[in-house]
Amino acid sequence: MTLSLHYTGVLKPALSIVVPLFNEVESLPELHARLSEVLDRLERPAEIVFVDDGSTDGSMETVRRLRERDPRVRGVQFRRRYGKSAALAAGLARATGRHLVTLDADLQDDPAEIPRLLDKLDEGYDLVSGWKRGRADPLLRRAASRVFNRVTSWLTGVRLHDINCGLKAYRREVTDTIRVYGQLHRFLPVLALKEGFRLAEVEVTHHPRKYGRSKFGVARFAGGFFDLVTVLFLTRYTRSPLHLFGIAGVIALALGAAISIYLAYQRLVLSVYLSNRPLLFLGILLVIVGVQFISLGLLGEMIAAAAEASHPRQGYSIRSEVGFPDAGVPSG
């Protein structure tokens, strides 16, 4: 492969490695060494984009030192912690490679698997996700992950064993098309499938955590449920929210109307008093709820239409950058 474009004095990268990180100062030198070994074997112009999600342990200083030794290293530093989705969005937006690989900075993802993911991309797939079949995590986390993956696969139709694996490879078209925000990084394959991209999965090696502490917790698992609901809505009803809320509204309204007609018949024809009939209050409640759901759907339609014409705001603020042409110029 011959490239004529240049980027900061070297060939424009054909491959971008994007690494979101938070307080991983101990693992960064070893991770860089492993990545360098793999990239040297691949023999293609590459870059390593580290995105510091507001670390407080000096991780960005380590990235700067790595940059001094290796011109392939780039760095982005957030002013505060915004979350993994924001870090991935910033890294993918600044990466320039035709192929992109994401992996976590905690050394549990093995950089040696990168060539296998790229080979799968070359078979014609657009997104290749790693499958940590032999996962080196505590029992509770493995169980939670298994439940999460099975429920997500069942509800979304994405037939992957490990949807949330941090080790993934993408074609440029995928990262240019899907927008990552909130905590939707867990569902990148779902969002990609919605846009018609081809997905594949490759079994990858998973290592025990060597440094630091895991960011997994009960709150994160619970938050994943709400993120799943968000993704289901985004992939099915973003452009037609009335189809979701309208169905619930029509059902509630129909039930409420049927109850009200039945009670009206009893009162007007059969002279049955309704003052002691809880069913009357249920009928009124269902009518009100039905009208509210339909109104909510109509409001959602107006918001969706307005959003089509608006430009999404960047969801993070950058303190500094290293290794990019405009490095040192904060943005936000």
Tabulated pairs, segment 128-141, first of a type outside the set (Ser, Thr, Tyr), second modelled with pLDDT under 75 and assigned to a loop (DSSP other than H, G, I, E, B), C-beta under 9 angstrom, 6+ apart or interchain: Asp137/Ser214; Asp137/Phe216; Pro138/Ser214; Pro138/Phe216; Leu140/Phe216; Arg141/Ser214; Arg141/Phe216
Look at Asp104 and say whether it is modelled with pLDDT of 90 or more, part of a helix (DSSP H, G or I) and acidic (Asp, Glu). no
Are any residues in segment 101-115 of a type in the set (A, V, I, L, M, F, W, C) and surrounded by fewer than 23 Cβ atoms within 10 Å (Cβ to Cβ), and if so, which ones? Leu107, Ala112
Can you tell me which residue is nearest to Pro29 (Cα to Cα) among those in segment 74-87 that are surrounded by 23 or more Cβ atoms within 10 Å (Cβ to Cβ) and not small (Gly, Ala, Ser)? Arg74
Tell me yes or no: at least one residue of segment 83-91 is assigned to a strand (DSSP E or B), in the same structural domain as Leu188 (by TED's automatic domain parsing) and among the small types (Gly, Ala, Ser). no
Considering only residues that are surrounded by 14 or more Cβ atoms within 10 Å (Cβ to Cβ), part of a helix (DSSP H, G or I) and either in contact with a Ser or Thr (Cβ under 9 Å, 6 or more places away or on another chain) or modelled with pLDDT under 85 (or both), which ones fall in segment 268-282? Leu280
Taking Phe197 and the conditions (1) in a helix (DSSP H, G or I); (2) over 15 Å from Thr102 (Cβ atoms), which numbered condition does it fall short on, given that it satisfies the others? (1)
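The values are calculated or read from the model by the stated rules, or taken from the named source; none is laboratory data. Everything quoted here is computed from the prediction, not taken from an experiment. Methodologically, a virtual Cβ is constructed for each residue, glycine included, from the backbone with ideal geometry; neighbour enumeration extends over all protein chains shown.
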